Amino acid sequence: MKLATYKDGSRDGQLVVVSRDLSQAHYANGIATRLQQVLDDWNFLSPQLEELSTTLNHGKARHAFAFDPKLCMAPLPRAYQWADGSAYLNHVELVRRARGAEVPESFYLDPLMYQGGSDDFLGAMEPARFVSEAMGIDFEAELAVITGDVAMGAGPEQALEGVRLLALVNDWSLRNLIPAELAKGFGFFQSKPATAFGPVAVTPDELGEAWKGGRVHLSLQSQWNGRKVGQCEAGPEMTFHFGQLIAHIAKTRNLRAGSIVGSGTVSNKDWSRGYSCIAEKRAIETIETGEPKTEFMKFGDTIRIEMKGLDGQSLFGAIDQDVVSLHEPLEVEASPAEAA
């Protein structure tokens with residue numbers, strides 16, 4: 001099934017079930033009003049949502065309406081935990097090679113991960129607002145899983161059993177703030193603003209055979225200002241699968257239902273497949289010519305990130321965002337209830 005959260009003027013929005021082709025939706029308020037409720041009581045509530053999903057996909061839901069991604073918040077608008085890995089070590093290798101640094105052997109044995117802010121996520125079509133272009137605005141096309149409870153000490157296979165949903169991610173970075181932050185020895189903070197998520201989160205069965213070994217074996221497309229810059233394969237080069245990433249967190253703590261774990265930037269050794277973040281393009285340019293040429297994003301730029309399933313249809317819907325100055329007034333869009 002596919003689940004989304006519609007704006008309703010509240011912090012947590014209204015849970016809706018979305019049809020497989022993303023054309024129709026149905027409020028889930030007869031079952032649950034918020035996605036966190038479902039994650040907290042998955043075994044009881046998810047079968048009821050699956051039944052509604054089946055009815056909707058068969059065109060028999062009495063109160064279905066046209067699905068509009070513009071009205072979506074992040075599927076889980078705020079979460080108890082957002083931990084993002086760097087599971088595609090080709091990305092790490094490129095960035096380090098560009099600055100003449102080697103990748104430590106430990107990076108191949110133990111996942112890199114940082115704890116991001118989880119109290120303020122962006123919807124798929126919400127503008128991304130930044131204070132200054134000088135901060136080095138960069139998109140990062142990724143995938144993530146949303147978990148149920150995972151016990152401390154869980155191994156990778158047990159951890160995979162805790163995956164409830166998968167999601168599409170744009171993990172915004174402010175590249176010019178990163179060096180000074182990392183130099184302090186405490187990791188990312190101001191350099192990682194609010195993360196954006198695709199319109200719908202999906203259960204693993206929606207991926208069919210593409211969900212295998214804790215990896216998503218599909219390609220992830222990025223379009224910057226309308227030009228395709230990346231068509232990266234998400235499966236084969238994911239060094240650490242999602243079970244390993246979750247188990248890495250669970251080494252010293254429990255994960256509670258509603259934890260979100262990201263893959264990090266999807267990256268391929270074949271440079272002809274393009275890139276999922278500008279920093280990687282700049283690293284390639286530095287390796288080839290001695291200096292980066294591609295500038296980071298400017299106010300007025302757009303980024304579209306999308307993944308299609310084995311059937312050729314959009315799996316999560318698209319992240320489609322404008323880059324906007326914090327000081328630029330934004331139009332206030334009415335929620336569906338207010339519009340009615």
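The values are calculated or read from the model by the stated rules, or taken from the named source; none is laboratory data. As the structure is a computational prediction, the values presented were derived from the model and not from experiment. Cβ coordinates were reconstructed from backbone atoms using ideal geometry, including for glycine residues, and neighbour counts include every protein chain displayed. Quick note on the areas: whole protein, heavy atoms, side chains included, nothing else; ligands and nucleic acids left out. Shrake-Rupley method; radii C 1.70, N 1.55, O 1.52, S 1.80 Å.
Can you list the aspartates and glutamates whose alpha carbon is less than 15 Å from that of K293, not counting same-chain residues fewer than 8 positions off? Candidates past the 8-residue exclusion: D138, E280, E285. Surface listing: E328, E51, E93, E142 arranged by accessible area from highest to lowest gives E51, E328, E93, E142, probe 1.4 Å. The equivalent ellipsoid of the stretch 209-340 has semi-axes of 27, 25, 17 Å, largest first, where each one is the square root of 5 times an eigenvalue of the Cα gyration tensor. Measuring against 22 Å, Cα to Cα, the residue pairs K2/K228; K70/K212; K70/K281; K192/K298; K7/K298; K192/K251 contain K2/K228; K70/K212; K70/K281; K7/K298; K192/K251 as the ones spanning a longer distance.
The coefficient of translational diffusion for the chain, derived via Stokes-Einstein from the alpha carbon Kirkwood radius under 20 °C and 1.002 mPa s, stands at 106 µm²/s.
Using only alpha carbons, the stretch 38-116 has a radius of gyration to Kirkwood radius ratio (Rg to Rh) of 1.22. Accessible area per residue was computed with a 1.4 Å probe on protein heavy atoms; D270 scores about 80 Å². Taking the Cα centre of the chain as reference, the dipole from Cβ charges on Lys and Arg (+1) and Asp and Glu (-1) amounts to some 100 debye. Using every alpha carbon pair in the stretch 99-194, what percent of pairs falls into each 10 Å bin from 0 up to the bin containing the largest distance? Per 10 Å bin, starting at 0, the Cα pair percentages come out as 12, 35, 34, 18, 1.
What FRET efficiency do you get for F107 and T55 if R0 is 51 Å and r is their Cβ-Cβ distance, rounded to the nearest 0.05? Step by step, r from the Cβ atoms, then E = 0.60.
Shown for the chain: the carbon plus sulfur share of the solvent-accessible area, taken with all protein chains present and a 1.4 angstrom probe, equals 48%. Within the shell of other residues whose beta carbon sits under 11 angstrom from the beta carbon of E133, the net charge comes to -1, with Lys and Arg scored +1 and Asp and Glu -1. Charged neighbours of A144, selected by a Cβ distance under 9 Å, balance to -3 (K, R count +1; D, E count -1).
Taking a ≥ b ≥ c as the square roots of the eigenvalues of the alpha carbon gyration tensor, the stretch 1-71 is oblate, as a/c is not under 1.5 and a/b does not beat b/c. Over the Cα atoms of the stretch 122-169, the radius of gyration divided by the Kirkwood radius equals 1.18; this is the Rg/Rh ratio.
For the stretch 1-137, the ratio of Cα radius of gyration to the globular rule of thumb 2.2 N^0.38 Å stands at 1.38. The overall shape of the stretch 233-297 is prolate: from the C-alpha gyration tensor, with semi-axes ordered a ≥ b ≥ c, the ratio a/c is 1.5 or greater and a/b exceeds b/c. Is the C-alpha gyration tensor of the stretch 181-269 telling us rounded, prolate or oblate? Criteria: a/c under 1.5 is rounded; beyond that, a/b larger than b/c is prolate, otherwise oblate. In terms of gyration-tensor shape, oblate. Ligands, DNA and RNA are left out, and with a 1.4 angstrom probe the accessible area of the chain is 45 Å² per residue. So what is the relative contact order of the chain, in percent, for Cα pairs below 8 Å that sit 6 or more residues apart? That works out to 23 percent.
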